[in-house]
Structures are given as C-alpha cells and as structure tokens.
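First up is the structure itself, then whatever we jot down about it.
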Amino acid sequence: MNLIAAGLGVVVAGAAAGAATGALAPARARPLATGLLTTTVGLGGVLAGAAALAGQAWSMTVPGILPLGAATLAVDPLSGAFLLLIGAVTVAAGVYSVGYTGPGGRHATDDDAAAGAAAAPGAEPAGQRAVDAGTGHVEAAASRTAQAVLPLFVATMLLVPAAASVSTLLVLWELMALTSLVLVLAEHRLRRSVRDAGLWYGAMTHAGAVAILLGLVVFAAAAGGESFAALRAGAADLSRGTRSLVFVLIFAGFGSKAGMVPLHVWLPRAHPEAPSHVSALMSAAMVNLGLYGLIRVGFDLLGGGPRWWGLLVLAVGGLSALYGVLQASVATDLKRLLGYSTTENVGLMLIGVGAAGVFAAEGNRALAGLLMAAAVLHAVNHAAFKTLLFLGAGSVLRATGLRDLDRLGGLAARMPITTALVAFGALAAAALPPGNGFVSEWLLLQGLIHSLTGTGPPTVVVAVSMPLAVGVVALTAGLGVATFVKAFGVGFLARPRSAPAAVAVESPPSMRAGMALAAAACLGLALAPVAAAAPLARVLQVMPTVRDGAPLADSGVRLQLVGIAGSMSPLLIAIGLLVGTAATAALARWAGRGLPRRVAPVWGCGGTRLDSRMEYTATSFAEPLTRVFDDVLRPEQDVVVTPYTESRYLIESVRFRHRVPDRLEARLYPPLLGAAARWGRWSRPVANGSVHRYLAYGFVGMLAVLVVVRLSG
Amino acid sequence: MTGSAVTVGALAAVTAQLVLVVGGAPLLAGLMRQVRARLEGRVGAGVGQPWRDLRKQLGKEAIRPDGSSWVFTAAPRVLLASTLLIAAVAPFLSTVSPLDGVADLFAVVALLLLGTVALAVAGLDTGTAFGGMGASREITVAALAEPTILLAGFALSARVGSSNLAALVEGMLTAPGQVLSPASLLAAVAFAVVVVAETGRLPVDNPATHLELTMIHEAMVLEYAGRDLALVELASALRLTVLLGLGANLFLPWGVATTASPLPLLGAAMLFAVKVVAFGAALAAFEVFMAKWRLFRVPELLAGSFLFGLLAVSASFFLA
Amino acid sequence: MDHSIGLRPPVSETVYVQTLNLICGALLLAAVLILWRRELAAIVRLLVVQGVLLAALAALLGAREGSSELYAVAAGVLALKAVVLPAVLRRVLRDTGEVRETEPLVNVAASLLAGALLTLLAYAVSRPLVALAPSPATQALPVALAVMFLGFFVLVTRRRALSQVVGFLLMDNGITATAFLATSGVPLIVELGVSLDLLLVVLVLQVLTARMRLTFGRTDLDELRELRD
Amino acid sequence: MSVLGKIVRTGRVAEPAPPAPGVGAGRGCDSSPAAPLASSVQLRHVDAGSCNGCELEIASAFGPVYDAERYGLRLVASPRHADALLVTGPVTRNMADPLRATYEATPRPKRVVAVGDCARNCGVFAGGYGVEGAVSDVVPVDVEVPGCPPAPHVLIAALRGLTGR
C-alpha cells in the first residue's frame, strides 16, 4: 500500500484522537495522552514525507467535503520535503509537550515581572517570594482548549503542503491560522502582552490570507480551473500582467506568514507569547509554509517568471535577513530574539529563492538549482535548530519563569543537559562548523559567488546584485554569531543574575528527550548533508525552470557541487575539530600532570566581593552594536536621576531605561492603523446598532447579487 | 603502488606543514616583538622568548574561576583545535594535499570565527565585567569584519571559479599577471585590514596593553592561567601565522609546490617561512607608527575594508 | 610619423592591458581613500597621486597610439594636477590653518558604504557605453565614472570649503579619465582649455575661502546661509 | 615620516647588559627551585600603598634604557598570567585584602618580590595608623629589593636572579 496515504491517514486519525483526548481526558492524563498523540501525528507526517522524497507519489480527491466541491490532495517531492520537516518538528514538540504542559514549573506572568523588578537588586527575600508566587499559577498551556487544539493545528499544518487545489489550500490555510491563533492566546490570562500579540497575529494573518485568496482566485479565474493541475496547464496562457499580479499578491500573502520584512511585525510578538512548544511549531514549521507557498505557486504553478520577480524576492530577503538579525542582536528577551532570528533565516531562504529566480530567468539552470536547493536545505536546517532553541528557551522559562536574558545566567551548572543541547543549537544557528546552519549558508554562498563565473560577462543586474547579496549574507552571518554568543553566553553561563535563575532545576526527562530529538536532527544534518542530495534533486524536479538534476554529488564524506567547482566536508571538519580538541586536551593534561586544576575566586582586580550585578548583561553586550548601527536602530534611552531632598548633589537613585523599538513597525504601521481607524469612524453612521438595519443590508446585498448574476448571465 | 606512495608523500607534507606552522608560530610572535623592540631602541627578549614563555606556562597550575563552567575549560582547546585544523588544510607548502576539499576558503573563515566565538563565550563565562566587555567588543569587531573577508574571498574566487584554497593558489600560479591586477590588490588591502582586526593588532587592539578598559582580546583571557593560558597564547600566535600564511600564498603564491615530492616541498617550506617572516616584520614595523584607535572608529576602518572588498569584486569583472 | 597608428603598437597587448587596469584600479583606490581620510593634508597628497596616475594614463595611451600630442597632454596634466593645483591647495591649507574635515554631513562609515553603492551604480550605467565599443580602455570606463560620482558625493556631503574644492577636483579627475578612456585622448587644445578653466575655478574658490575666513573665522559653508537673511 | 627619522637617528638606546647573575642569585630566593621560571618571568605589579617613587623606577627599568624585557621579564595585566608579584609600598589596611586576593589568584609556582624599603620594613611609614605592616607580614616574600626607591639597575639585578638570564 502507499506509504504516503498511510502516513496521512495516521495524521488525520491521530489528530482526531488527540483532539478528542484533549477535550475529554481528565487533567492529570491530558499532557501525556495529547503529547503522545501529537507525536503520532508528527510520525505520520514524517512517514508520508519520507515516502514522497523517496519517490512515491499519491493523490486523492474527496468529493463533497468542501461546500464548493471536492477536496483534492496530492503529494509530490516538494510537498514531501515540507511534510517531513513539519512532521519532524511535530515529533520533537509533541514529546516535549508532555513535560512542558505537565505539573510543576513556572511560566512567565505579569506578576513575575513585577516581583522580579522589585527583587532585582539582589534582595533575596523578595526574589524568593517571586519564586513562590510563580509555582502557584494555572498551567495555561495545559488547559483543555489548548490541549485539544494542538493536534488539530499540527494536522492542518501537515495537510497544507498536501493540498492540490485552491479551495483545499485556502480552507486548510485558514484552519491552520485559526488553530494557531487559539494556541497563541493560550496564556492570555497570565500576561497582558499575549492579547496584544493575538490581535496583531490575527490581523496580519488574515490580511495575508486575503492576499493569497485574491492572488489564487485571479489565477484560477484566468487559468480556468482551481485544481493545481489546471493551474499548471493554464499558467502559460496568462497575460504577463496577470501573472505578475498573481505573483505579487501571493508573495505578499505567503511572505507575511513567513515573517518577511515589513510584514514581520506579528512574528516577534506572537512567537514569544505562545507556549514554547507552540512557538517551536510556529517558528520552525509554520513559517516554512510561507516559503512552500511561494515556491509552489511561483516556481511550480506559474512555472517561473521574469527576472524582476527574483530580484524582488532577493531584495525583500536581503532586507529581512539584515533587519531581522539586527533586531535579534540587540534583543534581550530570549524568545523575541529567537523570533527575530526566524525573520533573519527566512530572509536567507528568500535570498536563495530570489537568486534562484534570477538565474532561472536567465537560463542558468545549474545555479538556479543550487540556490533553490540551498534555500530548501536551509529551511530544513533552520527548522531543526530553531525547534531545539525554542524548546530550550521553553525549558529555561519553565525552570525560572524568565525570558529576560538580563536576569538569566548560571544555568550551565543547574541545567547541564539543557545547556549543552542549547549550546549545540546556538552553534548551528550561528552558522558555524560543525553545526548544520553552516552547511546551508555555505551552499548559499557558493551559489552566489559562482554567479560571475558563467560563460561570458555577467549581466548588469547579476553583477550589481550578487556582490551586494554576498555582503548581506556575510553581515547577517557575522551579526548572527553575535546574537547567539549573547543568547548562550549571557543566558546560560557565568553566575545567575536573579533569584529565580539561581534556583533553576533541570527539566523533566520528556522535555530533555524532545530537545535531544531536535539536536539529533541537527547533528545528522550537520554531519551527513550529502544524504540530502538525492531527495533535494527530486524536490527540484517539480520546478520546470530550475530542473537540472542533482545540485550536490553524493561523494562519500565530501559535499561536492555538481557542475560547479566547490567542495567541503562537514564530516571531516567535525572529525578534525574533535581530534584536535582531544589532542590538545591530552597535551595540556600531560603537561599539567601532578598539578591539578584549582578553582579559585574570580579575579576581580583586587575587589573582594564581585557580585552578579557586575556581570555583563545582554544589553551591555549588545551596546557596541547598538551604537554602530544607531542610525538604523534608533535606540531610546532615558535616565531619571532622583536626588535627596537635602541637596541635589546627593543622588538617591538613578533609573536608566534602554529600549530598542522595532523601528519599521513604529514608522510604517501607525499611519496604516490611523487610516483604518479614521475609515472606521467615517463609516460609523452606517452601523447604528439596529438589527433591522443590518438585516436590511444583507437583504439588499443579496438582491443586488441576484440582479447582477441575472444580468451577466 | 605509486598511488599509495603519493598519498604517503602528501600525508608527510601535511605533517611537515603542521610541524612548521606550530613550531614557527611562537617564533613569528617573538620576531614581531623583536622588530618592535629594535625600532624602539631596545634590545628585546629574543626571538625564542614566546617559546620559553609557553614552556613555562605549560608547566604551571591551571585555575578555573568560581562560578564558571565546562565552557571555560573547553574554550582554549576548541580554539587551538580550530586553528590547527586550518593549519592542516591550507595549501601552505603544496597544492597537492589529501585534505584539499575538506575546507574551502569560506569554511576556513568559519573556523576562524569558531575560535573567536569559543574565546568570547569563555570570556562571558568568567562572569567578570572585563570578560564580558572583551567578549562583546571582540564579537562586534568579528561580526563587522565578516563581510569584508567574505567579499575578498568572493573577489579571489570569482576569477578562478572556485573557492577551494588549492584552486585559488594554482589559479594565481598559472596566471602570474593577476598578482598585480586591481582585483587582487584591492582584495589584498581588504584582507590586510581583516588580518589586523581579527588578530587584535594595532590600531584595532593593542596586544601589549595593561589597561583593562582599552582591551579587546586580552580582556577575554584575563582569567586564564598556567597551561590554559599557554594554549590560548599558542593559538593566538598560530592564528596570526595562519592568516599571514594565507595572505602570503593567496596573493603571492610563488614557491608553493605543485607536487608532493620532498625537494620542492623543502623549497616551498623555506620560501613560505621567508614570506611569512617578511609579512610579520612589516606588520610589526607598521604598528610602531600607529596608535590605537577609539573603539568606535573601528567600524569606520571595517566599512572602508568592506568597500575595498566590494571594489575588488567589481574590479574582477569590470577590469577583466 | 614613421610608426603608423594601428599597425604595430609600440607596447605589447598584455602589458598595456595590465598597466591600464592597474592605473585605473589605483585611481579608484585614491578616490576611495579621499573619501575615507579626514586629514586635509593627506587628501591633498592623494590628489597628487591621482594627478600622477592621470598623467600616466595619458602617457600610456600615447605610447599605445604613438601620438606625441597625448604625451604633451600627459605633461600638461602632470604639471597642473600634480604640481600647480596641489600647491594652491596647500597654500589655502596653510592660510586657513584647518587640518581636518571634522564633521562631514554623512559620517565616514556611511559615506564609505554610499561609495560602494555609487561604484556599482557607475558600473551599471556605463554598461551601454562600454557595449558601444568594447576595448580594454572602455572596459575601465566604470572606474572613471565612479571617481566622478565619488567627487560629486564629496562635494555634497563635506562642510569645509577646501573639501569642496577637493570634491570638485575629484570630479574633474573623473571627467578627464572618462575622456581619456572613452576617446583614447582628447585634442590638446580642449584639454588645455578645460585645465585653464579649472585653475581659474580653484583660484576663485581660494579667494572665496580667504574671504569667508575673514568674515566668519571658519570655512564651514553652512555659514553662508547667514548671507540670505 | 618624522617618526622614521627619529628611529634612524636615535638607534639603540639600551645600555649594555651587565653579566648575568645566575639562577637564584636574588636574595631570599636560594631555598626554592627557580628552574620552572628560568628565563621567563611575568610580573604583576601591586601597589600596596607606595608613594609612587618605586613605580617611577619600575617604569624606567622597563623603559628603553634599562630594557628589562631582554632578560625575559614582562609586566602583565592579570595575576593569573603572572609568575611573580612586584609589591611596592608598606601594605596599607585597605590594600591588605586585595594583596592577599592577588596572591591567591596567582598560579603556582609563584614568587613575591618586595620592592623598596617600605615593602621590606615599612620604611618611614612604620607605625603609621593606616599601615598594616610590611609585605612579608601579609604574604610570603621570596626576594627583597632594598632602596628608597631602588635604582633600576638594582631592581633589574634582583629580578634577573629569578630568570637567571
């Protein structure tokens, strides 16, 4: 029997069972039951995806399930890649959720923040009070609604890439948006900021859905059919204007889901405020569906387009990468930092897709294939390390109730396993060897630097845009390193900077297992990316303008590019590092035989009492970067000096506040929101509260539609 | 039979290269200090002084500050390992290496950055204000130097069509006129700025400073003692040697052997040593004329070198 | 007139191309350094370097085409741009006593990045020109255009009157280089006319600077706003 | 370029080195094995309450004329990097704990050099209300350098006893 069908069957059945269990099971059994059922859903996705990548194909039409017609599902290798990715993220998040939603642990609340602020200057009793206050809170992430919706959310996510008609895609897309919105709002009783985040998310995701709807409806109308097969067949007959209109609309729509600048504003709010396993699902899995939609419609259904499409995507990608990483490098909230880093990585993927589009339009299929493969591989790599990092942030949050890096620290001694796993995730996210992020960034760079060495001189567009793209990718990589050194170094190392961080304990086994699964995926992708060569080649087959066989050769331990001179061996680099480290350690041990290592008080330049308030914080770590980029970031700071009443020269207290607002949001959105509000006020007389009047609007509207239909028919 | 003989020869070449670089790196550091001393009218401690310092420090007690973790102990080892790996894969003596294709130019850059990161994380792990300060500054400089070094690499590899190190060196060897082309000159200037920034030399950082507030690299390693310190110092001498060696072979590749037979290798080793010593002495002499810059002028320097990198890329296709 | 044009070039092709590229690269490098440095004395030195390079460019083209007129142009360029104009600038520098451009309107790092973009723009806009008659000389046109753009940029963003003169000269160097590269040399008489105009402009600016210093005590051009009221 | 001219005109200013004293020649150092520190000693300077006279002499000992660096001596920024502490001045009450902390922070094997009469026996400050005592009252001293302040060549002779060069 077909493994894809089996996998999707498991997905649907698991989701139904999970939703039922979540809604009906007693509170005590709920975390384990729904966690395991969610994991099952994920396993189904992994099975279906792996089968599709191995070359199986499958399609199905369910008649009458949707109001307007049949629901059509089909799975090809491109769908398979995303099914596998989302399924794998789901498996890790599902296992993790068992412990995360289980009893014990503390989740951030507004009360915590207040208590923490009061307790900040090392006042032990107040800090202790904060700890006690935290444990008593309702476990919002374990609520009946949240537990029941989680399996539905992952199932709709898994079905989106399997959708094979416009209506199926749109319905599943909306369902995914709704279920995720419910999950984002899970902790709305604990923190005010959750409601705000939910509002932004709801508004942006629906605006995006409208853009997708418009784009696809225009496409379907012009192509004369709504199934993907009909769209593919009809795409060639579309006028240039229609094609471009469709592309721009779906790029905006899918891009807003992917979190590209300037439609990213919901992402750094919604991803941090959701429960952490949901954050992981949203940031590692759901954003990739934006990329999927872009590739599916732009490269498969529309079959590629003129060069400016690629340039548009490239430019937006470059902007997203830079803006995302800049904001991440100065962020102090751990989960917000990870959210901005998602925008950064989506930007890198868009750079790959955009450059692939440029080369596809120029007929350079080898480079287009390589860059597209780099983008897809980066999506997979990003999913692996972002899952790990969000789950790690969740473990920290659960253990301390804190997301603020300025108050964390000292976790290496208290949560050793979480720290080690997060260290590996941070290494991957910083795109350093031997992490997996490095491999896909390397591929991306290889694609970009070979742009000038084709046959004949490069075109002006390529010659101008590719060096800039390399500059952007490189600066992004550099700042990404700064971001994750800060996140790991300040968040986990040195001594604790607050009382809750000082009493942190290691997470329960299921959470560690969830993180370990994600870390294992990172490790596998880091050491054996050559294994991805064949599946990637199949993914590229879907796109007519980039189809060019395998971009990578499966040459044992070396990652060898095909048709382009370039090779690198992540496995041998890792082995070399391991051997070198071991040899160095052995040398040092041999040299120091008989003289054991001593633990001594920190050398504080003679000062005897160094306390944790003298440590560098995330804010101070990022200060030089904030200054270097202050023309872009425009940090806000205010200093309030309160003197004693006796004399203004005696200072009682100094309050210093430093904040880096999201400048794009602050500049772009208030005018839009203001316009919307004005429009609302203007249309107020139309809505006077009378039910009869509203019914009359509906009646008149219906009559108008009937008249129009009659006249046009 | 001959195939295995070649492999053995190539492996021997890699070993010889490692021995040469590791043995020579402290001597290069000593030489640079000596050049400085002579220009300042002093006698100097002699070229071998860094080796004497290292031998002594290896025998001393290592200390871990209270409150730090395994990261503090692991960092010097990872730093040294990453640098050793570069020293093994780079085509310093011969372009025929069994390790070619393990790490290309971009991987080497990433490995250098890995070393920087290891030390920065350790600086944060000590929990002192100076450790954090050093880490923050070092990472800022490294992050801003990254675009330059990748663009310089882009300019070099755009001409050859590959970023593999041996291919770059061979490309330069087969077209020696390229040495004086604007693209390689501009890339060389950009690369030189990056070397200065990455190895913490003047005017970016003063390796001889005692004043904590002006430190970048030193501030991160203030807590290391004994054998840990020896590893850190060996690694920083090695990083300098490796970077100068890469510069020497990428921009002036003459003398690099294209086989793995002993005689050319010997010649290559001697020429390599001469080139690196000349570059090191020039760098040390240049430093005598420089004062350290304010930290916030460093981005200006790096923006300038970024521009050079970009011009190098552009020149490689406008003046081709 | 015995070695006729086009039959047997006196310099070999590769040496010619290499030298041409090197000179053009150095021209661009000097322009970028002018953008980078703040010390006015160093900037004047860089202008000298550019003058020498321009003269070398003219001489190279002269050698290539065996044209004695171009040698004369080279000598003229050398005298004017590497000797006379820098001397005038040094005198202004000595008189005003200003050593550096303290506050450019756009900070140095940002102007370097802008310089990068301008260079790419120069490349993009000169492509149609290059395509008209592809040759090693016209291939280098983007460099000349980039020097011109950088000069304009200096003119727009620097405050000191002397920096303005520098920007102006940089622009002129760019124009001269463009002329050399695009047409393989300009008639001597045109070059002479342009050069004399240039000298006149610089002398006028020198007088202006001196007047400004007498009136305002500084040569910040923003002070001129006061004249409007 | 004026710097270059100055370098050429000045030439070498370091005075010729006196004959090497041999390892362990410094006073008070003879009992301990000096071999581990032979030919390389990093010094961390601690001002425990000095009048800054000794500091001036230390500075000139490491200046171009005496050039202490040629004997393998170097001043470093952290006691963690140091082999010996160069302590000056009588130990004041406020500096006693920091001095102990510095000693504690130095990796073994380590030496303490008491520089100047104040460090040896409190000098003119003996009995002062702010004075805790001589350096040897706070941390064990290996080498003493007499003088108020000790001349650079005396200081260097004592330090060369540590390096043996």
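Nothing charged except the Cβ atoms of Lys and Arg (+1) and of Asp and Glu (-1): what's the magnitude of the dipole of the protein assembly as shown about its Cα centre? Round to the nearest 20 debye.
Once rounded to the nearest 20, the dipole reads 700 debye.
Using the beta-carbon distance between C:D95 and A:A520 and R0 = 60 Å, what value does 1/(1 + (r/R0)^6) give for FRET efficiency, to the nearest 0.05?
Computed FRET efficiency for C:D95 and A:A520 comes out at 0.25.
Based on alpha-carbon positions alone, could you give the equivalent ellipsoid semi-axes of chain A from the gyration tensor, as √(5λ), descending, whole Å?
Equivalent ellipsoid of chain A: 41, 33, 27 Å, largest first.
How large is log10 I(q)/I(0) at q = 0.08 Å⁻¹ when the Debye formula is applied to the Cα atoms of the protein assembly as shown, each weighted equally and without solvent?
Log10 I(q)/I(0), no solvent term: -1.10.
Over what distance in Å are the Cα centres of the stretch A:159-183 and the stretch A:641-713 separated?
If you average the Cα positions of each part, the centres end up 27 Å apart.
Hey, got the average number of other protein chain Cβ atoms within 10 angstrom for residues in A:625-631?
Whole-number average of other-chain Cβ neighbours for A:625-631 is 4.
HN-Hα J couplings of the stretch A:660-673 from phi, Karplus 6.51/-1.76/1.60, θ = phi - 60°, integer Hz, Gly and Pro as x?
10, x, 6, 5, 4, 5, 5, 8, 8, 7, x, x, 4, 5
Report the convex hull volume per residue for the stretch A:305-585, counting only C-alpha atoms, in Å³.
Details: hull volume 34.6 nm³, N = 281.
In the stretch A:305-585, the Cα convex hull volume per residue is 123 Å³.
Once fully extended, how much extra length lies between D:A151 and D:V65, figured as 0.36 nm per residue of separation less the alpha-carbon to alpha-carbon distance?
Length difference between fully extended and current span is 29.7 nm.
Excluding same-chain pairs closer than 8 in sequence, count the lysine pairs in the protein assembly as shown whose Cα atoms lie under 26 Å apart.
Step by step, the pairs that qualify in the protein assembly as shown add up to 8.
Under 5 Å between amide hydrogens, which residues at least 5 positions from C:R100 or on another chain qualify, with H placed 1.01 Å from N in the peptide plane?
It is C:L40, by chain and number.
Tell me, what is the per residue accessible area of the stretch B:201-303 in Å², probe radius 1.4 Å? Walk me through the intermediate numbers first.
Numbers: 3520 Å² over 103 residues.
Accessible area per residue: 34 Å².
Given a 10 angstrom Cα cut-off, can you work out which residue in B:A190, B:A155, B:A175 is the most mobile in a GNM of chain B?
Among B:A190, B:A155, B:A175, the largest mean-square fluctuation in the Gaussian network model of chain B belongs to B:A175.
Could you give me the ³J(HN,Hα) list for the stretch B:260-277, computed from phi with Karplus coefficients 6.51, -1.76, 1.60 and θ = phi - 60°, whole Hz, x at Gly and Pro?
Once θ is set to phi - 60°, the couplings for the stretch B:260-277 become 10, 7, x, 5, x, 4, 4, x, 4, 4, 5, 5, 4, 4, 4, 4, 5, 4 Hz.
Find the all-direction average of the projected area of the Cα convex hull for the stretch A:1-107, expressing the result in square nanometres with one decimal place.
Computing the convex hull of the Cα atoms and averaging its projections yields 8.2 nm².
Using modelled amide H (1.01 Å from N, peptide plane; none on Pro or chain starts), what sits under 5 Å from the amide H of A:S555, excluding residues fewer than 5 places away?
A:Q560
Nearest 0.05, what FRET efficiency do A:D638 and C:F152 give at R0 = 30 Å with Cβ-Cβ as r?
Numbers: r = 40 Å, r/R0 = 1.34.
Given R0 = 30 Å and the Cβ-Cβ separation, E is 0.15.
Starting from the Cα of A:R627, step 7 Å along the direction of its Cβ; do the same at A:R598; then give the gap between the two resulting points in nm.
Output for this residue pair reads 3.7 nm.
Considering only C-alpha atoms, what is the centroid distance from the stretch A:270-306 to the stretch A:406-445, in Å?
Taking the Cα centre of the stretch A:406-445 as reference, the centre of the stretch A:270-306 is 23 Å away.
Partner chain Cβ atoms within 10 Å, averaged over the residues of D:37-49 - can you pull that number for me? The partial results should precede the final answer.
On the way: counts 3, 3, 8, 11, 3, 4, 0, 1, 1, 1, 0, 0, 0.
Partner-chain Cβ atoms within 10 Å, mean over residues of D:37-49: 3.
Go through D:57-67, A:699-709 and give me the packing order, highest mean Cβ count within 10 Å leading.
The most tightly packed comes first, giving D:57-67, A:699-709.
So who's got an amide H within less than 5 Å of the one on A:W58, skipping anything under 5 residues away but keeping other chains? H placed 1.01 Å off N, in plane.
Placed amide hydrogens put A:V75 under 5 Å from A:W58.
Quick one: compute the contact order of the stretch B:2-318, relative version, from alpha carbon pairs under 8 angstrom and 6+ residues apart, as a percent.
Computed over the stretch B:2-318, the figure is 30 percent.
Hey, what's the per residue convex hull volume over the C-alpha atoms of the stretch A:211-284, in cubic angstrom?
Spread over its residues, the Cα hull of the stretch A:211-284 gives 101 Å³ apiece.
Using alpha carbons only, how many degrees (0 to 90, rounded to 10) separate the axis of helix B:2-39 from the longest principal axis of chain B?
In chain B, helix B:2-39 runs at an angle near 50 degrees to the longest axis.
As I understand it, the value is the acute angle between the Cα axis of helix B:226-251 and the longest principal axis of the Cα atoms of chain B; what does it come to in degrees, rounded to 10?
30 degrees
Take the Cα atoms of the stretch A:537-600, find their three principal axes, and give me the spread along each one in whole Å, biggest first.
67, 23, 15
Once the principal axes of the Cα atoms of chain D are found, what is the range along each, listed largest first in whole angstroms?
Computed over the Cα atoms, the extents are 53, 34, 26 Å.
Based on the Kirkwood radius over alpha-carbon pairs, what value in µm²/s does the Stokes-Einstein equation return for the translational diffusion coefficient of the stretch D:68-165 at 37 °C and 0.692 mPa s?
239 µm²/s
Using alpha carbons only, how many degrees (0 to 90, rounded to 10) separate the axis of helix B:129-160 from the longest principal axis of chain B?
10 degrees
Which ³J(HN,Hα) values in Hz, rounded to whole numbers, follow from the phi angles of the stretch C:86-94 under the Karplus curve 6.51 cos²θ - 1.76 cosθ + 1.60, where θ = phi - 60° and Gly and Pro get x?
So the J values, rounded to whole Hz, are x, 5, 4, 4, 4, 5, 4, 4, 5.
Sort B:124-135, B:292-303 by packing, meaning the average of other beta carbons within 10 Å per residue, with the highest value first. Mind showing how you got there, number by number?
Values: B:124-135: 27.5, B:292-303: 18.6.
Output ranking for B:124-135, B:292-303: B:124-135, B:292-303.
P(r) of the stretch A:333-386 in 10 Å steps, Cα pairs, percent per bin?
27, 42, 22, 8, 1
Take the alpha carbon atoms of the stretch A:369-399, find their center, do the same for the stretch A:585-605, and report the distance between the two centers in whole angstrom.
Cα centroid of the stretch A:369-399 versus Cα centroid of the stretch A:585-605: 37 Å apart.
Which value in Å is the Kirkwood Rh of the stretch A:427-506 over different Cα pairs?
The answer is 15.3 Å.
How large are Rg and Dmax for the stretch B:174-288 when only the alpha carbon atoms are used, in Å?
16.9, 51
At a Förster radius of 56 Å, what calculated FRET efficiency corresponds to the Cβ-Cβ distance of A:A531 and B:L211, to the nearest 0.05?
After rounding, the FRET efficiency stands at 0.60.
Quick one: what do you get for the stretch B:2-318 if you divide its Cα Rg by 2.2 N^0.38 Å?
Ratio of Rg to 2.2 N^0.38 Å for the stretch B:2-318: 0.98.
The values are calculated or read from the model by the stated rules, or taken from the named source; none is laboratory data. Please read all numbers here as calculations on a predicted model, not as lab measurements. Neighbour counts run over all protein chains shown; Cβ positions are idealised from the backbone, glycine included. Just so you know, the surface numbers come from the protein's heavy atoms only, side chains and all, with ligands and any DNA or RNA stripped out. Shrake-Rupley method; radii C 1.70, N 1.55, O 1.52, S 1.80 Å.
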